[in-house]
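K.L.:
Can you read through this structure? Questions will come right after.
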Amino acid sequence: MKKFAFTRAEIIEYLRGENDEYLFDAAKNIRQKYFGKEVFLRGIIEFSNYCHVHCNYCGLRKSNQNANRYRLTDDEIYECIDTIIANDLGTIVFQSGENTTDDIQRLAAIIRETKHKHDLAVTLSLGEHSMDTYKRLKDAGADRYLLRIETFDESIYEKARPGRKLSHRLECLEILKKLDFEVGSGFMVGLPGETVETLAENIIKLTEMDLDMIGIGPFIAHPETPFRNFPSGNYQLSLRTLALVKLMNPLANMPATSAMESAQKGGRIRSLEIGMNVLMPTVTPAKIKGNYNIYPGKNTYIKADNEIIEIKKILKSAGFTYSGVRGDSLKYKKKHKLQGA
Ligand code: 5AD
Ligand code: SF4
C-alpha cells in the first residue's frame, strides 16, 4: 500500500496552497485505486436534537433556547429505517445530541430488532458515554461509532467545549476501539484560535489514531452560539485538509460532509472529486430535518422528501456510482480477514 508520510513542514506548505493541483490529483488517484468511482451511501437518522452539552460552536447546545427541539418516536424511527431499506442502502447512521440513558436504552432495543431482521451495518454518533453504555450498544448489534475529536489543541478544545476535556474524548475513542467498533473521528477546520500549524498538528495526530472513518469539515459560524462572530473555516483550506488526510489514510472511509456544502455550493461533489468516498443523505422526516440545525445550511439544500433519490441523481450526473453495500472500512476488513479486504 502506498501511504504518503508528509513531514510537518510539507503539510504546512500544502495547506498554504503551494501545490493544489498535485495535491488534489494525488488524493483523487488514491481514492480511485482503493474505491474506484464508488460512493458508499449511508442513511442518517437524526432521531433527537436534545443535547446536554454546551459546545460554543453548535446550534444544538443545551443553552440555545431558540432551537426547536424534537425527539422521534419509535414508530417514526422505524419508518426512517424502512426508507433506508426500501432505497437499498447498506448502512444506517443513528445520530443525536449527547443524551442520557432513556434514549440509549430505547435505541439499543431498536438496533437489536433491526439487526435481527435486516443485513445492514449500524453506525452511531451519540457523543461521550461510559464504557458500559458503549458496550450495551455494541452488544445490541451496533458496528461503528463516530466521535470527532474536534481539535487536538487543548486550549482551543476547552474554549470550544466548556466543561469538557480533550483527554476524556480521547479515552472514549480508546474504549470504542477496545470494544472493536469500527471507529471514526475527525475535526473542524478553522475553529477560533486555530493557525495553519494547529491544523497541521490535527492532521498528524488524527493520522496517528489509525482510524476506520474520518469526517472533516469547516467550522460554520452559527448565529445562536457564542462563536457567532468568528469567521467560518475556509473552504479551500478544508479541501486541502481533506486531500492531505486522504493521502495519509488511504484505507479510511471519508465522507463528503454537509459542512463543505454549507461553505460552498457544490462542496460535497467537489469533496468526492478530490478523494472522498462516502455520502450521508438524511432520512430524518423532511418536515423536521431542518431542526437538526448544528450549523446554518445543515439539512436545508435538498428540499425533496426523499433525499436518497435526489443524492443518487446528483451522483450519477457527476459520474459516480453507488450500491447497497455495507462499505466496511478496508482497514477493519483486513484486521478481521473479511471478504473483499
Ligand atoms: N460548524 C461545523 N461543524 C459543526 N459541528 C458542530 N457544530 C458545527 C459548526 N458550527 C460538527 C462537529 C460535531 C459534528 C456532529 O458536527 O464536528 O462533531
Ligand atoms: Fe451537543 Fe454535539 Fe452540538 Fe456539542 S456538537 S452541542 S455535543 S450536538
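K.L.:
With a 10 Å Cβ neighbour count serving as the proxy for reagent exposure, in which order, fewest first, do 112, 228 appear? Kindly include the intermediate steps, with their values, before the conclusion.
P.N.:
Details: 112 15, 228 11.
Ranked by crowding around the Cβ, least crowded first: 228, 112.
K.L.:
Just grab the label-to-label distance for residue 63 and residue 209, each label 7 Å out from Cα along the Cβ direction, in nm (one decimal).
P.N.:
That separation, rounded to one decimal, is 2.6 nm.
K.L.:
Could you state the per residue volume, in Å³, of the convex hull enclosing the Cα atoms of the chain?
P.N.:
Per residue, the Cα convex hull of the chain comes to 124 Å³.
K.L.:
7 Å from Cα along Cα→Cβ at both residue 33 and residue 101: what's the point-to-point distance in nm?
P.N.:
Between residue 33 and residue 101, the label points sit 4.9 nm apart.
K.L.:
In whole Hz, what ³J(HN,Hα) sequence does region 157-173 give by Karplus (6.51, -1.76, 1.60; θ = phi - 60°), x for Gly and Pro?
P.N.:
4, 5, 6, 7, 10, x, x, 10, 10, 4, 4, 5, 4, 5, 4, 4, 5
K.L.:
Sticking with this structure for a sec: Across every pair of different alpha-carbon atoms, what Kirkwood hydrodynamic radius in Å does region 215-341 reach? Provide the component values of the computation, followed by the final result.
P.N.:
Details: mean 1/r = 0.0624 Å⁻¹.
Every distinct Cα pair counted, the radius reaches 16.0 Å.
K.L.:
Trypsin sites (Lys or Arg not before Pro), restricted to region 309-341: which are DSSP loop and have at most 12 other Cβ atoms within 10 Å?
P.N.:
For trypsin sites (Lys or Arg not before Pro) across region 309-341 that sit outside H, G, I, E and B with at most 12 neighbouring Cβ atoms in 10 Å, the list reads 337.
K.L.:
Separate question: Comparing 169, 106, 31, which has the greatest mean-square fluctuation in the GNM of the chain with Cα pairs linked when under 10 Å apart?
P.N.:
So, out of 169, 106, 31, the one fluctuating most is 106.
K.L.:
With θ set to phi - 60° and the Karplus curve 6.51 cos²θ - 1.76 cosθ + 1.60, what are the ³J(HN,Hα) couplings of region 139-144 in order, to the nearest whole Hz, using x for Gly and Pro?
P.N.:
5, 6, x, 5, 9, 9
K.L.:
Work out from phi, with θ = phi - 60° and the Karplus expression 6.51 cos²θ - 1.76 cosθ + 1.60, the ³J(HN,Hα) of each residue of region 116-123, listed in order in whole Hz, and give x for Gly and Pro.
P.N.:
My calculation for region 116-123 gives 5, 8, 10, 9, 8, 8, 10, 10 Hz in order.
K.L.:
Can I ask one more? Just to verify a number: FRET efficiency for residue 113 and residue 301, C-beta to C-beta distance, R0 = 35 Å, to 0.05?
P.N.:
Values: r = 32 Å, r/R0 = 0.92.
So, using R0 = 35 Å, E works out to roughly 0.65.
K.L.:
Hey, can you grab everything whose amide H is under 5 Å from the amide H of residue 46? Only 5+ residues off in sequence or another chain; H modelled, so Pro and N-termini drop out.
P.N.:
When sequence neighbours closer than 5 places are left aside, the close amide H contacts are 95, 283, 284.
K.L.:
Can you give me the C-alpha center-to-center distance between region 16-47 and region 272-287, rounded to a whole angstrom?
P.N.:
Measuring centre to centre over Cα atoms gives 13 Å.
K.L.:
Here's something else I'd like to know. Report the residue, chosen from 22, 295, 50, that carries the largest GNM mean-square fluctuation when the chain is represented by alpha-carbon nodes joined by springs under 10 Å.
P.N.:
Result: 22 has the largest fluctuation of those listed.
K.L.:
Kindly provide the GluC sites (Glu not before Pro) of region 5-86 that DSSP labels as loop, not H, G, I, E or B, and whose Cβ sees at most 13 other Cβ atoms within 10 Å. Display every interim value, and only then the final one.
P.N.:
Values: sites: 10, 13, 18, 21, 38, 46, 76, 79; in loops: 18.
Sites meeting the loop and neighbour criteria: 18.
K.L.:
Pulled fully out, how much extra length does the chain show between residue 75 and residue 179, if you take 0.36 nm times their separation in residues and subtract their Cα-Cα distance? Walk me through the numbers on the way to the answer.
P.N.:
Details: separation 104, 0.36 × 104 = 37.44 nm, distance 2.95 nm.
Result: 34.5 nm gained on full extension.
K.L.:
Under 5 Å between amide hydrogens, which residues at least 5 positions from residue 184 or on another chain qualify, with H placed 1.01 Å from N in the peptide plane?
P.N.:
For residue 184, whose amide H was placed from the backbone, the distant partners under 5 Å are 145, 146, 147, 213.
K.L.:
Taking a threshold of 31 Å on the Cα-Cα distance, which of the pairs 33/316; 205/289; 117/205; 177/303; 289/337 fall above it? Each step should come with its number before you reach the end.
P.N.:
Working: 33/316 20 Å; 205/289 33 Å; 117/205 39 Å; 177/303 37 Å; 289/337 38 Å.
Beyond 31 Å between Cα atoms: 205/289; 117/205; 177/303; 289/337.
K.L.:
Right, another one. On a full-extension model of 0.36 nm per residue, what is the gain between residue 288 and residue 9, subtracting their alpha-carbon distance, rounded to one decimal in nm?
P.N.:
Working it through step by step, the gained length comes to 95.9 nm.
K.L.:
Between 278, 122, 196, find the one with the highest GNM mean-square fluctuation for the chain; connect C-alpha pairs within less than 10 Å.
P.N.:
196
K.L.:
So who's got an amide H within less than 5 Å of the one on residue 121, skipping anything under 5 residues away but keeping other chains? H placed 1.01 Å off N, in plane.
P.N.:
91, 92
K.L.:
What's the magnitude of the charge dipole for the chain around its Cα centre, counting Lys and Arg as +1 and Asp and Glu as -1 at the beta-carbon? Answer in Debye, nearest 20. Let's see the in-between values first.
P.N.:
Numbers: 49 positive and 44 negative charges, 86 e Å.
Roughly 420 debye for the chain.
None of the figures in this text is laboratory data; all of them are computed from the coordinates on show. On a predicted model such as this, the values are computed, not experimentally measured, just so you know. All Cβ positions, even for glycine, are placed from backbone atoms using ideal geometry, and neighbour counts span all protein chains on display.
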